[in-house]
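The values are calculated or read from the model by the stated rules, or taken from the named source; none is laboratory data. Just so you know, these numbers come straight off a predicted model, no measurement behind them. FYI the Cβ positions are ideal-geometry reconstructions off the backbone, even for glycines, and counts take in every protein chain you see. Ligands, DNA and RNA are excluded from the accessible area calculation, which covers all protein heavy atoms including side chains. Shrake-Rupley method; radii C 1.70, N 1.55, O 1.52, S 1.80 Å.
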Amino acid sequence: MRRFAIVAAVLVVPALAAAQNQGEKKADQKPDNCFYTVGNQAIQVPLGASVCRRQPAPYDDKYSLLRCTPPLDEIDSDIKRGDARCDRYEERQ
């Protein structure tokens, strides 16, 4: 019986250590996308991409420049439509 316990410990302990190591690696990884919501719709922004989000009401031609680093960081809050730094523009309706 003692041999069975030793053999079980020799087999189980390395497997548990490997599983814990994989769990720690996953926890250290950063997400590869950023998300924000407009109404009930989730908008996905790829890592490193920029999106210009239209300013809230009263609606005009001003946008906020957001970059996915992650998280989604606001870089500038006074962008006009047509700015080359924007990968895409979000329209609010």
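Brief remarks follow.
- Search result, residues across region 30-42 that are surrounded by fewer than 12 Cβ atoms within 10 Å (Cβ to Cβ), under 15 Å from the mean Cα position of the chain (by Cα) and of a type outside the set (K, R): P31, D32, T37, A42
- Residue count for region 43-84, restricted to those that are of a type outside the set (D, E), open to solvent by less than 70 Å² (accessible area, probe 1.4 Å) and part of a strand (DSSP E or B): 16
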